[in-house]
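*Asks:* First, the structure itself, so that you have it in front of you.
The values are calculated or read from the model by the stated rules, or taken from the named source; none is laboratory data. Remember, predicted model here, so these are calculated numbers, not experimental data. Using ideal geometry, Cβ is built from the backbone for each residue, glycine included, and neighbour counts are taken over all protein chains shown. Note: accessible area is taken over every heavy atom of the protein model, side chains too, but ligands, DNA and RNA are not part of it. Shrake-Rupley method; radii C 1.70, N 1.55, O 1.52, S 1.80 Å.
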Amino acid sequence: MENVIEIQNVSKHFGEEHVLKEVSHTFEQGKIHGIVGNNGSGKTVLMKCICGFLKPDSGAIFVNHKQVGVETDFPEDIGIIIETPGFLPHLSGTQNLRILASLQRKANDHTIWSVLELVGLDPNMKKPVGKYSLGMRQRLGFAQALMEDPGLLILDEPFNGLDKHGVVHIRGIIKNLRLEGKTVLLASHNQVDIDELCDTVCGMDDGILTVVR
């Protein structure tokens, strides 16, 4: 299997705080890769560096064989949930996804409707996103990550705000992504999510990445 993500000696500071410490690892295509760690361990910062949202102080990150921040600012063919998804609060979920889809023109109305139904949201719902529950916003964020059919998904705590039924539903979708040959990088504080979903697991602690299995 080829490596979709290659991280080479990546370090990142915020002032005096050393958030990532010489992180090196590769993530293979077609698997679900879990990252576990407490809040502040560096998981989210590492994911932001992979996506191009943050620039490492040293080291290199390659996604699909292109160096992030050098050969590409933001990796192509990637779907992302990091922290609370940001949407225009006065518009509906469907309207928000249409605006996002217009940027790259990879998703049409049919795709948007299909992906909203897939995550358990009604495409006809007129309610503005500002009145969504946390769980509904999370489902919408997941729909946004899926709608352009990316080969790689970066999911930071994708089950936040979901009830038990929602967690089971989204876990099923993530398992199907693997069956489709997609690669998923998943951070979760819930060990059950990691045990049930992940082919490989790494731990983050104080900016250091170690292989768990």
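*Asks:* Output the number of the condition that GLN138 fails; it satisfies all remaining conditions of (1) at pLDDT below 95; (2) open to solvent by less than 40 Å² (accessible area, probe 1.4 Å); (3) over 29 Å from VAL45 (Cα atoms).
*Replies:* With (1) at pLDDT below 95; (2) open to solvent by less than 40 Å² (accessible area, probe 1.4 Å); (3) over 29 Å from VAL45 (Cα atoms) applied to GLN138, the lone miss is (3).
*Asks:* If you don't mind, another one. With a cut-off of at least 2 residues that are of a type in the set (D, E, K, R), name the helices (runs of 4 or more DSSP H) lying wholly within segment 66-146. Full working, then the answer.
*Replies:* Details: elements: 93-104, 109-119, 134-146.
Correct list: 109-119, 134-146.
*Asks:* While we're on this one: Please work out if ASN9 is part of a loop (DSSP other than H, G, I, E, B), over 23 Å from ASP149 (Cα atoms) and either open to solvent by 60 Å² or more (accessible area, probe 1.4 Å) or aliphatic (A, V, I, L, M) (or both).
*Replies:* no
*Asks:* Could I ask something else about it? Residue pairs, Cβ under 8 Å, 6 or more apart or interchain, first in segment 130-151 and of a type in the set (Asp, Glu), second open to solvent by 50 Å² or more (accessible area, probe 1.4 Å). List them.
*Replies:* GLU148/GLN104; GLU148/LYS106; ASP149/LYS106
*Asks:* Mind checking which residues of segment 195-213 are open to solvent by less than 10 Å² (accessible area, probe 1.4 Å) and at positive phi?
*Replies:* Matches in segment 195-213: GLY207 only.
*Asks:* Related question: Please tell me if ARG105 is more than 15 Å from the chain's Cα centre (by Cα) and surrounded by fewer than 21 Cβ atoms within 10 Å (Cβ to Cβ).
*Replies:* For ARG105, the condition - more than 15 Å from the chain's Cα centre (by Cα) and surrounded by fewer than 21 Cβ atoms within 10 Å (Cβ to Cβ) - is met.
*Asks:* Report yes if VAL192 is aliphatic (A, V, I, L, M), without any contact (Cβ under 8 Å) to a residue 40 or more places away in the chain and surrounded by 13 or more Cβ atoms within 10 Å (Cβ to Cβ), otherwise no.
*Replies:* Here the answer is no, as VAL192 does not meet what is asked.
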